[in-house]
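Working notes for the structure below.
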Amino acid sequence: MNGAQREFLKVAGLAGKKTLRGTVRTSGAKNAALKALPAALLFSDEVLLTNVPRIEDVSRMVELLRSCLVEVEDVDEASVRVKVGGSCSTVLRRDIAERMRSSVVLTGPMLARFGSVSLPHPGGCVIGERPIDLFLEGFLAMGAHINESDGLYELSAKGGLRGADIFFPIVSVIATETLMMAAVLAKGTTVLRNAAMEPEILHLANFLNACGASIRGAGTTTITIKGGELLTARGRTYRVMPDRIEAGSFLILGALTADELSITDCEPEHLQSLVHLLLRSGVPIEQGQHSLHLRGNGARRNDSFKAFSVRTHEYPGFATDLQAPVTVFLTQVTGESKVFESIFEGRLNYTADLVGMGADITMGNPHQVRIKGPTRLRGAELHGPDLRAGLAYVIAALVAEGPSIINNVYYIDRGYERLDERLRSLGADVVRESVSTSRP
Ligand code: EPZ
């Protein structure tokens, strides 16, 4: 018996009723923690990270670091201490690195500090091809040599990396972060042009600067990094910033299913593109300094909300990671809308499952769908294709009439901490169950 288990969520649909209520605290951001952990390789001393979300991708990144002999100590439920010991392997284990895209981030600090790194093509969601050409071109410009054979990349930079002037033909979040970190230890100055401006990038740069780096322009399209020596934390703590995608996902879920909902420990300023659209649609959102509130939302029928169209865009535009949740919202409001996914070519495929539940969604091309609302959704058995669509399925299942089963819970657990537990605390009937998949 191999004892393998398959987990799934059982969700009781609310059939359009808005009965959830309560408070949900926003976790630390997945896409910040997955860069802060590799950033610890830039330091000569130990780095304490707090507000680290307990999600699968963070566990994989910790596994990967430990497999490279980096010391990662669990300090408490949400804190880890990271320190590069005497020796560090720069061979990223295929079985771990292939499971998430952010494994490629390790190449920046590793190549800059140790002069070598090898990795398989990084894995991650099936939302698109996910190439790494921008990373490889950036490292070549910084003086690295690259060998690639049957999906294994070996990068070397004997004598270290040198500063370079790099223009990104496509805005890439993790290519910006990875090369920004590599440049911190490169000889000379690096300029990153057409860089991503996500808030997680500025937050990381501010911490690295506090520990001795010289990074200017993070959060704008041009970042200039003067390379230098290893950084020192000297007891400074990196606190992972709130997860804007999680907060936005809960806001959309609340708009459709909650009477009263407070989302705390978040940064509303990082969600203005979503908040603006939902306010215009008629959702009664109140914004605090670090919180978002829905009050008296139960009296607002979802078909009283007005449809709007969305085009995903790099920050501060509408986040592609909120595209699936907002599409579910648009199936419930009155009017016709278009969703244009401008960043990933495979990130609208999940809409076929929503149509199966009763949504009126027509795909014009892989980048655009047209939605007509409102439509009643019926519960169904669903297989989440990626973590953000997985959460959208949970929202759809809660809105629907009748029960739903959501498989591939691992995908949801990759990005959302204890989701079923937190939804139950709001009054949702969501249960996590498992079945043995072992063969006799
Ligand atoms: C980051 O992915 C996030 N992941 C994604 O979140 C997010 O959707 C994405 O940024 C956009 O905001 C992490 O931070 C771990 P990209 P990333 O490189 O950096 C093309 C989630 O659910 N590209 O900005 O991989 C690429 O194909 C995940 O939390 C190249 O062509 O995205 C895409 O079309 C999903 N060559 C565009 O750039 C490259 O070398 C943007 O991708 C790199 C990227």
Of (1) away from the ligand (no atom under 14 Å from the Cβ); (2) under 22 Å from Asn297 (Cβ atoms); (3) in contact with a Lys or Arg (Cβ under 8 Å, 6 or more places away or on another chain), Val369 fails just (2)
For the structure I just gave you, tell me whether Leu398 is in contact (Cβ under 8 Å) with a residue 24 or more places away in the chain, in contact with a strand residue (DSSP E or B) (Cβ under 9 Å, 6 or more places away or on another chain), surrounded by 24 or more Cβ atoms within 10 Å (Cβ to Cβ) and not in a strand (DSSP E or B).
yes
Would you mention how many residues in segment 355-392 are outside any helix (DSSP H, G or I) and either closer than 22 Å to Lys17 by Cβ or not polar (S, T, N, Q) (or both)?
26
Please determine whether any residue of segment 336-348 is modelled with pLDDT of 95 or more, within 16 Å of the ligand (Cβ to nearest atom) and in a helix (DSSP H, G or I).
no
All but one of (1) acidic (Asp, Glu); (2) out of contact with any helix residue (DSSP H, G or I) (no Cβ under 8 Å at 6 or more places or on another chain); (3) exposed (fewer than 15 other Cβ atoms within 10 Å of the Cβ) hold for Asp265; state the number of the condition that does not hold.
(3)
Taking helices (runs of 4 or more DSSP H) that do not extend beyond segment 112-231, which have at least 2 residues that are away from the ligand (no atom under 16 Å from the Cβ) and under 22 Å from the mean Cα position of the chain (by Cα)?
199-210
If you check Phe344 against the conditions, is it closer than 19 Å to Gly254 by Cβ and in contact (Cβ under 8 Å) with a residue 12 or more places away in the chain?
no
Look through segment 61-87, keep the residues that are among the polar types (S, T, N, Q) and not in a strand (DSSP E or B), and return whichever of them is farthest from Met110 (Cα to Cα).
Ser67
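Kindly check whether there is at least one residue in segment 165-175 that is farther than 23 Å from Thr50 by Cα and in contact (Cβ under 8 Å) with a residue 40 or more places away in the chain.
yes
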Does segment 43-53 contain any residue that is more than 16 Å from the ligand (Cβ to nearest atom), in contact (Cβ under 8 Å) with a residue 12 or more places away in the chain and in a helix (DSSP H, G or I)?
no
Condition first: among the charged types (D, E, K, R), at pLDDT 90 or above and within 15 Å of Ala39 (Cα to Cα). Can you find one or more residues in segment 143-159 that meet it?
no
Does segment 99-111 contain at least one residue that is without any contact (Cβ under 8 Å) to a residue 60 or more places away in the chain and within 11 Å of the ligand (Cβ to nearest atom)?
yes
Residues of segment 51-91 being among the hydroxyl-bearing types (Ser, Thr, Tyr) and either within 18 Å of the chain's Cα centre (by Cα) or at positive phi (or both), in sequence order, are Ser59
Report yes if some residue within segment 355-366 is among the hydroxyl-bearing types (Ser, Thr, Tyr), out of contact with any Pro (no Cβ under 8 Å at 6 or more places or on another chain) and buried (at least 16 other Cβ atoms within 10 Å of the Cβ); otherwise report no.
no
Pairing a residue in segment 122-133 that is modelled with pLDDT under 85 with any residue that is of a type in the set (A, V, I, L, M) and within 6 Å of the ligand (Cβ to nearest atom), where Cβ atoms lie under 7 Å and the two sit 6 or more apart in sequence or on different chains, gives Pro122/Ile132; Cys125/Leu387
Taking the options Val11, Val82, Val24, name whichever one is touching a residue at least 12 places away in the same chain (Cβ under 8 Å), in contact with a strand residue (DSSP E or B) (Cβ under 7 Å, 6 or more places away or on another chain), farther than 29 Å from Ala319 by Cα and away from the ligand (no atom under 16 Å from the Cβ).
Val82
Please verify whether segment 286-309 includes one or more residues that are within 16 Å of the ligand (Cβ to nearest atom), farther than 16 Å from Gly373 by Cβ and either in contact with a Leu (Cβ under 6 Å, 6 or more places away or on another chain) or outside any strand (DSSP E or B) (or both).
no
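The values are calculated or read from the model by the stated rules, or taken from the named source; none is laboratory data. On a predicted model such as this, the values are computed, not experimentally measured, just so you know. So basically every Cβ, Gly included, is an ideal-geometry build from the backbone, and we count neighbours across all protein chains shown.
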